[in-house]
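The values are calculated or read from the model by the stated rules, or taken from the named source; none is laboratory data. Small disclaimer: the values here were computed from a predicted structure and weren't measured. So basically every Cβ, Gly included, is an ideal-geometry build from the backbone, and we count neighbours across all protein chains shown. Accessible surface areas use protein heavy atoms only, side chains included; no ligands, DNA or RNA. Shrake-Rupley method; radii C 1.70, N 1.55, O 1.52, S 1.80 Å.
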Amino acid sequence: MPIPTLDSVVRCDPDVLGGTPVFAGTRVPIKNLVDYLAAGDPLERFLDHFPSVTRDQAVAALEIAGNLLTGRAHPAR
């Protein structure tokens, strides 16, 4: 399975929510997913509340975020 790219999952368009990063093809901010998970809500609740976002999109966004964070980590010396 190919690794999702940021551009395939996230869109930033000044004409959509003033350029707020949203899931591609939707008006749902990526931050909403982060907020739901940070509050302890399961992914299913987020997907139920935002049906225009697919499970694949949400999982890809989390994978990308994880890759970005771990890619910047420095191993202990």
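A few remarks follow.
- Among the residues of region 34-59, those identified as open to solvent by 30 Å² or more (accessible area, probe 1.4 Å) and part of a loop (DSSP other than H, G, I, E, B) are ALA39, GLY40, ASP41, PRO42, PHE50, PRO51, SER52, THR54.
- Of residues in region 1-33 being hydrophobic (A, V, I, L, M, F, W, C) and without any contact (Cβ under 8 Å) to a residue 24 or more places away in the chain, the one surrounded by the fewest Cβ atoms within 10 Å (Cβ to Cβ): MET1
- Only a single criterion out of (1) part of a helix (DSSP H, G or I); (2) farther than 13 Å from ALA65 by Cβ is not satisfied by LYS31, namely (2).
- Breaking point among (1) outside any helix (DSSP H, G or I); (2) under 14 Å from the mean Cα position of the chain (by Cα); (3) on the phi < 0 side of the Ramachandran plot, for LEU69: (1)
- Flag if SER52 is out of contact with any strand residue (DSSP E or B) (no Cβ under 8 Å at 6 or more places or on another chain) and touching a residue at least 24 places away in the same chain (Cβ under 8 Å): no
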